[in-house]
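Scroll down for the structure; my scribbles are underneath it.
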Amino acid sequence: MAMLTEHDVVNMRFKEPLRIEDGYDQDEVDDFLDLVAETIAQLTKDKADLEAQLQTANTRVKELENATQATSGESQTPAPQQEAAEVNAEAANATSMLALAQKLHDEYVSNGKAESERMISEAEAERTRIVNETNAERDRIMKETEDNKNAVLTKLDEDRTVLERKISELRDFERDYRGRLKSYLESLLQNVNNSDNQG
């Protein structure tokens, strides 16, 4: 398995979404977090292996030291000393590897945490921006709606005034027309009566 490096974690950039409100691609983020988890798991396993090797080397060193103490006073052959030196070298190497693994593990955890906090911070900032834009748009629409309502009411008042004036004019016209028609009919009736009287 190819493990992530510190550079990979620090410089990871996700694809920008087509729409800001959609956020980052969930699958891409999940895949990256899986890689981070696998890397940490591998480093933890390597650390455990190195600790086991170190324990084995320390046990071997103690065995050789005990054997050396048991045979003190006797002439020591160069073979056990050489073997003890090799074991000590292996132990030192294992200790160095363990320290390196611990350092890498701590760096990965620290970088992963920093990246997680950065992503959360960016997501919070984006959420705040979207909420603010949504509220501003809602306020704008409500204001436009109120303005439109006022304009419609004003127009209706004007139309009502015009209609009332026309109705008044029509009533005046009707009253005048009825008066003229009545006068005309009375005039005709009078003419007919006059004609009858003359005949």
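The residues in the stretch 9-21 that are within 15 Å of residue 119 (Cβ to Cβ), assigned to a helix (DSSP H, G or I) and not β-branched (Val, Ile, Thr) can be counted, and the count is 0.
Each residue in the stretch 89-100 was checked for being modelled with pLDDT of 75 or more and small (Gly, Ala, Ser), and 4 of them qualify.
Take the residues in the stretch 54-71 that are in contact (Cβ under 8 Å) with a residue 12 or more places away in the chain and farther than 17 Å from residue 103 by Cβ, then tell me which one is surrounded by the most Cβ atoms within 10 Å (Cβ to Cβ). Within the stretch 54-71, the match that is surrounded by the most Cβ atoms within 10 Å (Cβ to Cβ) is 57. Taking the criterion of being open to solvent by 70 Å² or more (accessible area, probe 1.4 Å) and within 12 Å of the chain's Cα centre (by Cα), the residues of the stretch 17-36 that qualify are 19, 20, 21, 22, 24, 25, 26. Taken as a whole, the condition of being at pLDDT below 80, out of contact with any strand residue (DSSP E or B) (no Cβ under 6 Å at 6 or more places or on another chain) and of a type outside the set (Lys, Arg) does not apply to residue 168. The set of residues in the stretch 10-23 that are within 13 Å of residue 127 (Cβ to Cβ), without any contact (Cβ under 8 Å) to a residue 40 or more places away in the chain and not acidic (Asp, Glu) is empty.
Being touching a helix residue (DSSP H, G or I) at 6+ places or on another chain (Cβ under 7 Å) and under 20 Å from residue 115 (Cα atoms) narrows it down to one residue among 38, 6; which is it?
6
One residue stands out in the stretch 141-155 among those that are open to solvent by less than 100 Å² (accessible area, probe 1.4 Å) and not polar (S, T, N, Q): the one that is farthest from residue 10 (Cα to Cα), namely 153. When the stretch 100-122 is filtered for residues that are open to solvent by less than 60 Å² (accessible area, probe 1.4 Å) and of a type in the set (A, V, I, L, M, F, W, C), the ones remaining, listed by number, are 101, 114, 119.
The values are calculated or read from the model by the stated rules, or taken from the named source; none is laboratory data. Being a predicted model, the structure only gives us computed values, none of them experimental. Ideal geometry is used to build each Cβ from the backbone, glycine not excepted, and the neighbour counts take in all protein chains shown. Ligands, DNA and RNA are stripped out before the accessible areas are found, and what is left, the full protein with its side chains, is counted by its heavy atoms. Shrake-Rupley method; radii C 1.70, N 1.55, O 1.52, S 1.80 Å.
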